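Undergrad: I have a structure I would like to understand better, so I am pasting it below and will then ask my questions one at a time.
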Amino acid sequence: MDTNALAVYKLLVVGILVNCWMTRGLSAVENINVESIPQISSSALCNETRLLWDLEVCGEIFKREMALVDRQNWCNLTHFISQYNFFSLCSENRSNDLSGCFWPNPLAERYMIRTHKHYFSNCTLHRLIWVDPSDDTLTILILIPIVLTLAMIALVVWCSKRSDILA
């Protein structure tokens, strides 16, 4: 065997051994004791009564802050974005941290939907009525790609016939 091939082979074997040795410590599978992990049902973690109370607290703060915003501006997000952001963060944090519930959850969703119905029910977007363009505009929009395509085809044909001069 060639000495260079032997050196490459040794380097490959050493590389594989070092990789196995280094990645063995990164895996935590050997270190987990399954019996020591407490098995808690998901229903025991979420205190729904506390969650509803916490959502009401966040909702009352939001209600006080929205009272300062003119009712005509309730559909313009730029007028109340900070209040809404605080309301969202408050309800999410209280749900996760204090109540022990995941976010989002059905109780929080119902509360948020009720809040949205109260404040933003009249904020529907006005539907745009699309109108067909005039015939002149439509003709121009159709003819431009056709003319460009024909011009490119003519250019390619002309260049292929003149390849002796362009080469």
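Undergrad: Testing TRP130 on (1) within 30 Å of VAL57 (Cβ to Cβ); (2) in a loop (DSSP other than H, G, I, E, B), one condition comes back false. Which one is that?
TA: (1)
Undergrad: Please determine, by comparing only the residues of region 98-120 that are of a type in the set (A, V, I, L, M) and within 22 Å of the chain's Cα centre (by Cα), which one is surrounded by the most Cβ atoms within 10 Å (Cβ to Cβ).
TA: Looking at residues that are of a type in the set (A, V, I, L, M) and within 22 Å of the chain's Cα centre (by Cα), I get ALA108.
Undergrad: Condition (residue is in contact (Cβ under 8 Å) with a residue 24 or more places away in the chain and under 18 Å from CYS75 (Cβ atoms)) applied to region 124-143: is it met by at least one residue?
TA: No, the conditions are met nowhere in region 124-143.
Undergrad: Among the helices (runs of 4 or more DSSP H) contained in region 1-67, which hold 1 or more residues that are of a type in the set (A, V, I, L, M), over 35 Å from the mean Cα position of the chain (by Cα) and at pLDDT below 80?
TA: Hits in region 1-67: 3-24.
Undergrad: Please pick out the residue among THR139, THR78 that is among the β-branched types (Val, Ile, Thr) and either surrounded by 14 or more Cβ atoms within 10 Å (Cβ to Cβ) or assigned by TED's automatic domain parsing to the domain that holds VAL57 (or both).
TA: Step by step, each of THR139, THR78 is checked, and only THR78 is among the β-branched types (Val, Ile, Thr) and either surrounded by 14 or more Cβ atoms within 10 Å (Cβ to Cβ) or assigned by TED's automatic domain parsing to the domain that holds VAL57 (or both).
Undergrad: Considering only region 114-127, state which residues are of a type in the set (Val, Ile, Thr) and closer than 12 Å to GLY59 by Cβ.
TA: THR115
Undergrad: Residues of region 68-81 being closer than 18 Å to SER91 by Cβ and part of a helix (DSSP H, G or I), which ones?
TA: LEU77, ILE81 - these are the residues of region 68-81 that are closer than 18 Å to SER91 by Cβ and part of a helix (DSSP H, G or I).
The values are calculated or read from the model by the stated rules, or taken from the named source; none is laboratory data. Predicted model only: the values in this text are computed from it and were never measured. Here Cβ is always computed from backbone atoms with ideal geometry, including for glycine, and neighbour counts include all displayed protein chains.
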